[in-house]
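Below you'll find the structure, written out as structure tokens, and then a few comments.
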Amino acid sequence: MKRNYFTFFSKVLLALLFAGLIVESSAQIVTPEEFFGFKPGADREVFNYQPLIDYMQQLDEASPRVKMIDIGASPMGKRMYVVFLSSEENINNLDRLKHINKELAINTNLSETQLEEYISEGKVFIMAALSMHSTEVAPTQAAPIVAHTIATTSDPDMLKWLDDVVYMMVPNHNPDGMDLIIDYYKKTKDTKYEGANLPEVYHKYVGHDNNRDFVTLTQSDNAAVARLYNKTWFPQVMVEKHQMGSYGPRYFVPPMHDPIAENIDEKIWNWTWIFGSNMAKDMARDGCEGISQHYLFDDYWPGSTETALWKNVIGLLTEAASVQIAKPIYIEKSELRATGKGLGEYKKSINMPLPWEGGWWHLSDIVKFELSSTWSLLKTGSIHRKDILINRNVIALEEVQKGLTQAPYFYIFPASQHDDGELADMLTLLDEHGVNVFKTTDDLVVEGRVVKKGDYVVPLAQPFRSFVKEVLEKQKFPERHYMPGGELIKPYDITSWSLPLHRGLKSDEINTPQPELAESIEKVEFPLVPEMGSHGELKALIFPVRRNESFKAVFNAMGKGIDVFRAGKNMDVDGVKIKEGDFVVPFKMKDMEKWHEIMEEFKTIMPSVNEEIKEGIVKIEMPEIALIETSFHDMDAGWTRYVLDTYNIPYTVLNPGEVALKQLSAFDVIIMPDSDKEILLSGKNKSSSSSTYSIPAYDPQFTKGLTKDGQQDLVRFVHDGGTIVSWGRSARLFMGAQSLKTQGGATEDFQLPVSDISESLAKQKLYCPGSLLTIDLKEGHPLTYGMQGSANVFTRGRPVFSTSIPYFDTDRRVIGSYPEDDIVASGYVDKEELLAGKAAMVWAKKGKGQFVFYGFYPQFRASTTGTYKLLFNALLLQ
């Protein structure tokens, strides 16, 4: 056979020229070490968020394999980005590949020809969200090395991976927290407090709880990241990269441990085994010891992998053993231990076949593990490109088919709700999650229920069916045991997140096929815009207390200097029924511009009247509020700040150590969110099994507690007419024997007629890991204005109250109590009968003032909007 030498040498010459271009191009790309002045991962060296983004921008400009796109803003206003890393051809073709991703993810009507075309053209998109927990710095510190390596590599294996895979990296999921942590580390570097804990949450509001926000999406950084897989890029694979404690395995890769979410298709779980097993194998080959699988972390709750799994994405989690930010640590072999599910001892086992033996552990070690795990992900995505793409569309088809053939078939939400603003918010949230929402076009009867025209319908026959079912149904925890009849495998986090139940909304689950309903609905377009009514000669605006939006409006109005009144009785004015507790705001033309600002975001229309209301109303004033927030990464206080800010409620933050130094009489209300009593009092952790204290890893200047003087000041504040609003463990501060120094210097001993019996119930085996329970409410009380006769509350089973006949100048009223049966609304409680009839919310009086105690979180992670009014009413108590 005659060889065509011209063709052969032409190919060689072109190859050499191309290689030269790559070398020349790579030479122009600055290395991370050159840019930052140190190699990422070096001991005691870390970079901030903006330099990270500046470097990624340089790569974007210098390399055809890198493309950076803005995806939104953090809560503190920092711009956030996703960085696409792949072959030059794929980067140039991103728009087409994005279209293919969407088609495979949600188009269940593809022809065989279309499907074949998309599978042939498509690439596997692997999305990585890095370092959302800001003390877990290594994934983000490794990001520039990952990006630079991909931008400059000439390795034939990696180039093949990049032909098949697009790695879409969010270089930092929590920019605000990153800068808070890095700035504090640099501030304490070369001091004895280097590597100490940041004395605040590493986020504007929620700190470590940011991955507990992926159902409700209240935080803008989470919403920006979730939008990538919910609505825009539809990656087939997603990995959350975290760090964990220092004493156990060096690294965790999937699969997760039981329990798992039962609504997720088995094929997704099997793919997590494939990616995880390949990571374990590849990382061991790269010299990474201490890799664990099927350990500690479960995927029952929507947090470990965001909600990607419920959107048919292969959701993965990695966790690396931590150092002290960037400060290396030495770990003795005898100090190594395993805690939690999957490893009973720190020994060689199927879940950790190559244990690490101890020694020095550096940030550079974690960076090495991050690089190895990332290359394994790309490799696995490349090897299985075709199957992963087929799998994406197959699951979408199957989910739609399940929705047509398996109960439930629909969820129906009556347009008329006790709080229709919460319905509008929930429907908007579902749209943000990529769920299709519909509205009925006719009156119908469905399973014996009257469904009115305009009611909202969410069919299960849609690609994200598993998510729809997960967040709209009542949660029932899958009880699994280590052996038959043995110990329960406990959940990693909470056990309830049902959107309608947490929001106090009526919904109907339809468990039989309804073809007539399916033909009588039309898709809802977002955003929802309320229909405007005619006001005539407007005299007053009425804000029904049953709506959370009303509180938002009136707090905003008071903040703008507008007079606000509250109805002291039921009234009928100009055909409008006004209930006791409703807000009445006289309308003045000079306030028109202010009202336009106030009503801008409203999803409902407030009633108005054309008559002046002069009787039966009482003017209310904006309360002066103090919020107690400790320095101990106080997430519950952070969530409370978020709720207060969202509802335009001004407040002053006080650290426990400041209380004794402040003039508390300047405040009307003091809010004390859930916090350990001993931390509040002394700034130290106290063992629950002994009387010993442990010294927290904080600079001592930030750990000052209330002390007895501060506690005395709080009691005095109430005695003199103030209000303390307290829930969770902080309520224990005021239980049992109390003392109060009188103005004459004498000491008055007293005890509130309220006690916490939760420790006793726990000894009787009450177990509530975080669930939604039903309580009956005292109707007509100022604390329950706007509430119905019962409510669903979120609790961890503490505190639970007992009341007694009062003495001296004290009193009490039970505002909410658990019913005798059917206590669990959603989630899991063992020995729930122990709660039957017990008090869950108590008002107590001392002197001229009052306490409001909650045995639940009225604002839990901003997800329990159905009980917000119980908090807001407390702030307005007269």
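The values are calculated or read from the model by the stated rules, or taken from the named source; none is laboratory data. These numbers were taken from a predicted model, which means no experiment stands behind them. FYI the Cβ positions are ideal-geometry reconstructions off the backbone, even for glycines, and counts take in every protein chain you see. Just so you know, the surface numbers come from the protein's heavy atoms only, side chains and all, with ligands and any DNA or RNA stripped out. Shrake-Rupley method; radii C 1.70, N 1.55, O 1.52, S 1.80 Å.
Listing for the model above:
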item: Cα-centred dipole magnitude for the stretch 145-219, charges only on beta-carbon of K, R (+1) and D, E (-1), debye, nearest 20; result: 300 debye
item: Gained length - N92 relative to N270, 0.36 nm times residue gap less alpha-carbon distance; result: 60.8 nm
item: Probe 1.4 Å, accessible area per residue of the stretch 260-308, Å²; result: 30 Å²
item: S694 paired with D258, simple spin-label distance in nm, labels 7 Å along Cα-to-beta-carbon; result: 3.0 nm
item: Net charge dipole size for the stretch 430-542 [Lys, Arg +1 and Asp, Glu -1 on Cβ; Debye, nearest 20]; result: 360 debye
item: Spatial separation of Cα centroids for the stretch 691-759 and the stretch 505-569, in angstrom; result: 41 Å
item: Under-5 Å amide H pairs with I331, H placed in peptide plane, nonlocal only; result: G359, W360, W361
item: Whole-number percent relative contact order across the stretch 41-119, with pairs defined as alpha carbons under 8 Å at least 6 apart; result: 18 percent
item: Heavy-atom accessible surface of the stretch 749-878: percent carbon and sulfur, 1.4 Å; result: 44 percent
item: Solvent-accessible heavy-atom area per residue, rounded to whole Å², over the stretch 668-752 at 1.4 Å; result: 45 Å²
item: Selection from A737, S496, L404 lying farthest towards where the dipole of the chain points positive, charges on Cβ; result: A737
item: C-alpha center-to-center spacing [the stretch 365-437, the stretch 599-661] in angstrom; result: 35 Å
item: Accessible area of the stretch 572-623 belonging to carbon and sulfur atoms, whole % at 1.4 Å probe; result: 48 percent
item: In sequence order, calculated HN-Hα J values of the stretch 562-578 (Karplus, 6.51, -1.76, 1.60; Hz; x Gly/Pro); result: 8, 5, 10, 10, 10, 5, x, 7, 6, 9, 10, 10, 6, x, 9, 7, 10
item: Test item: Cα-centred dipole of the chain, Lys/Arg +1 and Asp/Glu -1 on Cβ, debye; result: 1300 debye
item: Amide H contacts under 5 Å for H242, placed H, 5+ residues apart; result: T318, E319, A320
item: The stretch 105-212, accessible surface, carbon-and-sulfur percent (1.4 angstrom probe); result: 45 percent
item: For the stretch 124-212: accessible area per residue (Å², 1.4 Å); result: 26 Å²
item: Cα centroid separation - the stretch 211-265 against the stretch 817-878, whole Å; result: 31 Å
item: Kyte-Doolittle at least 0.0, axis length at least 24 Å by Cα - qualifying DSSP helices, the chain; result: 5-28, 363-383
item: The chain: relative contact order in percent, alpha carbon pairs under 8 Å with at least 6 residues between; result: 10 percent
item: Mean shadow area of the chain, taken as a quarter of the surface of its Cα convex hull (nm²); result: 43.3 nm²
item: Distance histogram in 5 Å bins (all Cα pairs of the stretch 601-710, percent per bin); result: 2, 10, 16, 17, 15, 11, 8, 6, 5, 4, 3, 2, 1, 0
